[in-house]
1. Taking 7 Å along the Cα-to-C-beta vector as the label spot, tell me the residue 147-residue 89 distance in nanometres, rounded to one decimal.
2. Percent of Cα-Cα pairs more than 22 Å apart in the chain, please.
3. Considering only DSSP beta bridges whose two residues both sit in the chain, what percent are antiparallel, to the nearest 5?
4. Using a basic spin-label model with each label point 7 Å from the Cα along Cα→Cβ, how many nm lie between residue 21 and residue 169?
5. For the chain, set up a GNM with springs between Cα atoms under 10 Å and report which of 151, 66, 87 has the largest fluctuation.
6. Once you put a point 7 Å from the Cα of residue 140 and another 7 Å from the Cα of residue 60, both along the Cβ direction, what distance in nm separates them?
7. Report the extension gain between residue 116 and residue 69 in nm, rounded to one decimal, defined as 0.36 nm multiplied by the number of residues separating them, less their alpha carbon distance.
8. Could you tell me what percent of the DSSP beta bridges with both partners in the range 90-176 are antiparallel, to the nearest 5?
Ligand code: IMP
């Protein structure tokens with residue numbers, strides 16, 4: 001089965017404008033408070049890089065965590081693995097999880113559970129894309145870039161079998 005790169009769903013200019021607005025919302029919410037920013041590898045690295053450079057305070061702590069449920073291709077395995085939390089000292093801290101996309105919600109709900117066990121003061125989620133029609137667990141991000149329909153998308157950090165991550169726009173991808 002091969003994958004076909006489809007049309008642009010969200011272009012770079014639209015993404016850029018939305019990320020700036022999200023950064024403004026996040027800055028307003030946290031004010032001058034110190035923040036632990038946890039980008040979820042690998043898909044969120046581009047979004048997070050754009051986001052943090054627009055936050056007014058430059059002394060936030062950034063720790064990457066790894067979570068995923070996609071073994072390969074465009075279908076979730078449903079089994080979520082979380083790594084990188086072992087040495088994370090977030091007790092009493094404000095935590096902002098930065099995720100590329102919420103699909104079924106299984107990845108984020110597993111990650112949220114693990115993070116909350118470490119006793120943070122507050123946990124919020126910033127997500128670039130949300131596919132609410134695919135949800136299997138009830139979950140809503142606190143800061144959402146775009147709601148999209150049930151399509152598999154790539155680009156701007158999101159991949160399909162490690163392909164298409166570096167595209168500057170978000171495209172639809174399909175199997176053929
Ligand atoms: P969930 O656990 O089903 O919510 O899936 C979340 C994870 O699946 C994301 O962090 C992505 O890595 C991956 N994912 C879900 N939908 C897409 C998509 O359309 N494109 C690329 N990755 C996706």
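Bear in mind these aren't lab numbers, they're just calculated from the coordinates by the rules spelled out. Since we're looking at a predicted model, the values are computed, not measured. Ideal geometry is used to build each Cβ from the backbone, glycine not excepted, and the neighbour counts take in all protein chains shown.
1. Reported label-point gap for residue 147 and residue 89 is 4.1 nm.
2. Percent of Cα pairs beyond 22 Å in the chain: 42.
3. Roughly 40 percent of the beta bridges in the chain run antiparallel, per DSSP.
4. Result for the modelled spin labels: 2.0 nm.
5. Checking each option, the largest mean-square fluctuation is seen for 87.
6. Once both label points are built, they end up 2.2 nm from each other.
7. Difference between extended and current length: 14.9 nm.
8. 25 percent
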